[in-house]
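Student: Can you read through this structure? Questions will come right after.
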Amino acid sequence: MRYWWVNQKQTYRHEVPGGYLWSPKRKTNGHANAFYDFMREVAPGDVVFSYADGLIKAIGIASTHAYEAPKPLEFGQSGAYWDKIGWRVDIRFIELKFPIKPAEYMAQLEPHLPKRYAPLQSNGQGLQSVYLTLLPDSFAEALIDILGREARSIVHMTRVSDAAQPPIAIGLIEWEEHELRRISQDQTVPETTRKAVVMARRGQGVFKQNVLKHEAFCRITRVDQVEHLRASHCKPWRDSTNEERLDGTNGLLLTPTIDHLFDRGFIAFEDSGKVLISPVVHRDSLRRMGIDPDVAINVGAFSQDQHKFLGFHRESVFLESKFKLTL
């Protein structure tokens, strides 16, 4: 379990009652932003302190890992809603009956501020540039002590109840359902193509046949019986054009457990074939699925045509921040 600080400002009124965090993937100028990229490393059970209007006003517990999702409709319609794709984490927030103003407690908090990516200035003033940042355990513990019994109760109760709360990526489900409706209603696309595109979402049909022209087995398990393999999109079905959804170079043949790991960004592949492991994956589960996270694995180089799709996966699906989280 890790502790995070989120500056919500005007989004507090949407995110806290809505039960999520959402950020763009990049700044408006296209440059990477550490405080958006850190969304990739939130894990179920992590504690999130919500800061708005100069106050710690709520505490949340992450119920999912990060996943791609469109900008929430309630944020406002500046541009095409379904085209604005960012990172989302579903959170169970509890608003505090007794919020506190961190600026009034800097004597206790300032010694524990991280050297990089701090959520506050040493004088207690907020930082406009920060959205989400990781907190040292010592800072979080000092903050919980200041908040008192209410905060300790929230953190303790959620630790006990987490195992009974299966993670559901709500925004992802809504997005894919929207895409399915859009495709099924698009009369400009021939019916056979529409059916093939829908089947491709499940890794079957024409898409799987096209992938078989480039891949012959699961690169990790080496299973080569087609009935035991799924055709998994590198650039996800939801992100792709209809042409990309059927492109065989946009797919890998994977056994169901490996397909799950790849689809949710717990593993990725470099163009050279090196297997990348997300820092948020449950390592014991990974071992039981046949991947030892402590052993370097190379599954063989990919073709030039596959590189662009694998690159998209590393950039937009793989759950590892490009910025080093050090405290």
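Student: Enumerate by residue number the trypsin sites (Lys or Arg not before Pro) in segment 159-263 meeting two conditions: DSSP loop (anything except H, G, I, E, B), and at most 11 other Cβ atoms within 10 Å of the site's Cβ.
Tutor: LYS213, ARG222
Student: Only counting other Cβ atoms within 10 Å, I'd like VAL275, VAL189 sorted with the fewest neighbours first.
Tutor: Ranking VAL275, VAL189 by Cβ neighbours within 10 Å, fewest first, gives VAL189, VAL275.
Student: For segment 90-233, take the convex hull of the Cα atoms, compute a quarter of its surface area, and give me that in nm², please.
Tutor: Seen from a random direction, the Cα hull of segment 90-233 projects 15.3 nm² on average.
Student: What percent do you get for the relative contact order of the chain when only Cα pairs under 8 Å and 6+ apart count?
Tutor: The normalised contact order for the chain reaches 16 percent.
Student: All other residues with a Cβ under 9 Å from the Cβ of TYR3 taken together, and with Lys, Arg as +1 and Asp, Glu as -1, what is their net charge?
Tutor: Cβ neighbours under 9 Å give a net charge of -2.
Student: Find the relative contact order for segment 3-165 and round it to a whole percent, using C-alpha pairs within less than 8 Å whose residues are 6+ positions apart.
Tutor: Relative contact order for segment 3-165 comes out at 27 percent.
Student: Using label points projected 7 Å from each Cα along Cα→Cβ, tell me how many nm separate ALA107 and ARG26, to one decimal.
Tutor: Computed distance between label sites ALA107 and ARG26 equals 4.7 nm.
Student: Based on the alpha-carbon gyration tensor of the chain and its eigenvalue square roots a ≥ b ≥ c, which shape applies: rounded if a/c is under 1.5, prolate if not and a/b is larger than b/c, or oblate?
Tutor: Since a/c reaches 1.5 and a/b is larger than b/c, the shape of the chain is classed as prolate.
Student: Next up: For the cross-link pairs LYS25/LYS213; LYS9/LYS84; LYS71/LYS324; LYS71/LYS308, which exceed 31 Å when the distance is taken from alpha carbon to alpha carbon?
Tutor: The pairs that break the limit, which is 31 Å between Cα atoms, are LYS25/LYS213.
Student: Whole angstrom only: what separates the Cα centroid of segment 35-61 from the Cα centroid of segment 246-283?
Tutor: Centre-to-centre (Cα) distance: 27 Å.
Student: What value, in deg cm²/dmol to 500, does the helix sum -39500 (n - 2.57) over DSSP H runs of n ≥ 4 give at 222 nm once divided by the residues of the chain?
Tutor: -9000 deg cm²/dmol
Student: Ok, one more. Can you put VAL281, VAL155 in order of Cβ neighbours within 10 angstrom, beginning with the fewest?
Tutor: Fewest to most other Cβ atoms nearby, the residues stand as VAL155, VAL281.
Student: Just want to confirm a number: the relative contact order over segment 224-327, from Cα pairs under 8 angstrom separated by 6+ residues, in percent.
Tutor: 31
Student: Could I ask something else about it? Only four residue types carry charge here, +1 at the Cβ of Lys and Arg and -1 at the Cβ of Asp and Glu. Report the dipole size of segment 173-327 about the Cα centre in Debye, rounded to the nearest 20.
Tutor: 140
Student: Fewest first, what order do VAL211, VAL47 take by the number of other Cβ atoms within 10 Å?
Tutor: Least crowded to most crowded, the residues run VAL47, VAL211.
Student: Which of the listed residues, LEU134, SER50, TYR67, is farthest toward the dipole's positive end in segment 3-165, when Lys, Arg count +1 and Asp, Glu count -1 at the beta-carbon?
Tutor: In segment 3-165, that residue is TYR67.
Student: Continuing with the same structure: Mind giving me the nanometre distance, one decimal, between the label points for ILE297 and HIS156, set 7 Å out from Cα along Cα→Cβ?
Tutor: Here the modelled spin labels are 4.1 nm apart.
Student: Calculate the spin-label point distance for GLU177 paired with LYS274, positioning each point 7 Å from the Cα along the beta-carbon direction, and give it in nanometres.
Tutor: Taking the two extended label points, one gets 4.1 nm.
Each value in this text was obtained by applying a stated rule to the coordinates, not by laboratory testing. Since the model is a prediction, treat every value here as computed from it, not as a measurement. Using ideal geometry, Cβ is built from the backbone for each residue, glycine included, and neighbour counts are taken over all protein chains shown.
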